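The values are calculated or read from the model by the stated rules, or taken from the named source; none is laboratory data. Values in this document were obtained by computation on a predicted structure and should not be read as measured data. Every residue, glycine as well, gets a Cβ built from its backbone with ideal geometry; the counts of neighbours run over all protein chains shown.
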Ligand code: SIN
């Protein structure tokens with residue numbers, strides 16, 4: 001690799017955190033959390049983001065989600081509490097948008113928070129097939145050489161083996177849930193918590209194109225994706241509060257793309273004592289942490305079941321009210337509450353009471369293992385630019 005002949009290793013501290021899954025529903029830590037709304041939780045140790053993390057992670061009793069920010073219910077025209085509409089810049093060619101699996105940007109809704117400037121939340125700019133496409137890339141193509149996975153480190157994947165293929169061949173029933181992360185580009189060393197200049201594989205060109213397009217929309221014209229962690233979350237997974245402060249260029253934003261199951265995302269400040277905002281993140285949503293927010297603590301305390309399967313073209317769903325199936329228009333589906341149980345409310349979504357579960361074309365999951373994975377798990381692609389444009393290291397120009 002260029003730049004490595006001198007055997008000088010450029011390292012920088014990398015604080016990315018590993019997704020944790022728990023078998024039990026009651027973590028002993030949870031028992032320490034005082035009950036009640038997060039805003040009422042007493043702060044003994046001033047680690048406010050950890051307190052909120054524990055509150056939202058708690059199983060018994062479950063947390064109150066009524067104050068969690070739901071950008072899907074905000075309007076692009078007016079501020080609502082701390083939620084402020086954000087104007088994106090669009091100059092993208094239709095073919096490029098299509099290639100990236102994105103809808104027409106005139107339909108996109110984006111917001112920031114007056115309490116957390118620098119956050120930009122884009123409500124699902126992806127088409128249903130765009131979501132399945134990126135999820136497919138994360139499942140089928142990326143978890144293999146030259147990228148790194150937790151399975152390599154655990155000796156569960158031999159060189160040359162493809163995790164998805166093993167799972168599809170039936171050899172890996174339990175292997176499916178064991179994939180927790182994949183690193184791309186500059187690989188994160190989870191032990192040293194360092195970036196190593198000599199431990200790098202090519203960054204996927206299509207993902208770099210998508211990241212650059214999204215960064216352009218929020219005013220970062222020269223964004224270059226150089227590292228990414230793809231995190232896989234299952235129903236009991238969490239990601240503890242952390243900051244990503246190790247990239248050499250801290251002026252370039254963090255880009256976070258989510259597919260599949262929903263989550264609660266906590267965004268704090270640079271200090272653990274700063275009160276975090278809690279927000280719902282659903283399939284297709286994009287979170288950009290830029291400027292003042294770039295070094296903020298953040299975490300994922302809870303995965304929520306996605307009642308609104310945004311990655312389905314047909315939007316067929318079983319109705320919680322009458323136990324029949326129904327179809328939503330793409331627009332209804334986009335704006336429906338993702339975590340609400342489907343209800344058979346007249347006018348909102350049409351019930352197809354003559355369609356039975358056995359009819360065969362009920363969900364995309366049945367014929368599409370990628371959609372089936374999204375129906376159980378959450379994929380987060382977290383993209384970073386590591387170096388400043390023009391920065392020269394060991395003769396390499398970035
Ligand atoms: C991360 O911060 O690395 C992941 C965040 C997420 O899963 O939304």
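So the values come out like this:
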read-out	value
Criterion (over 19 Å from residue 287 (Cβ atoms) and in a helix (DSSP H, G or I)) met by exactly one of 106, 75	106
Residues that are more than 22 Å from the chain's Cα centre (by Cα) and part of a loop (DSSP other than H, G, I, E, B), drawn from segment 88-99	89, 90, 91, 92, 93
Subset of segment 78-87 that is in a loop (DSSP other than H, G, I, E, B) and at pLDDT below 95 - its residue that is surrounded by the fewest Cβ atoms within 10 Å (Cβ to Cβ)	78
In segment 183-216, the residues that are touching a residue at least 24 places away in the same chain (Cβ under 8 Å), closer than 18 Å to residue 102 by Cβ and surrounded by fewer than 22 Cβ atoms within 10 Å (Cβ to Cβ)	204, 206, 209, 213, 216
Condition met for residue 250 (within 16 Å of the ligand (Cβ to nearest atom) and more than 20 Å from the chain's Cα centre (by Cα))	yes
Out of 282, 302, sole residue that is modelled with pLDDT of 95 or more, within 16 Å of the ligand (Cβ to nearest atom) and farther than 25 Å from residue 211 by Cα	302
Residue 240 vs. criteria in contact (Cβ under 8 Å) with a residue 60 or more places away in the chain, within 15 Å of the ligand (Cβ to nearest atom) and closer than 25 Å to residue 144 by Cβ	no
Any hit, segment 132-142, residues being more than 23 Å from residue 186 (Cα to Cα) and either in contact with a strand residue (DSSP E or B) (Cβ under 7 Å, 6 or more places away or on another chain) or assigned to a strand (DSSP E or B) (or both)	no
Any chance residue 222 is away from the ligand (no atom under 16 Å from the Cβ), in contact with a helix residue (DSSP H, G or I) (Cβ under 8 Å, 6 or more places away or on another chain) and not in a strand (DSSP E or B)	no
Checklist (1) modelled with pLDDT of 95 or more; (2) more than 14 Å from the ligand (Cβ to nearest atom); (3) surrounded by 24 or more Cβ atoms within 10 Å (Cβ to Cβ) applied to residue 310, failing item	(1)
Selection from segment 263-288 of residues that are assigned to a loop (DSSP other than H, G, I, E, B) and touching a strand residue (DSSP E or B) at 6+ places or on another chain (Cβ under 8 Å)	268, 269, 272, 276, 282, 283, 284, 285
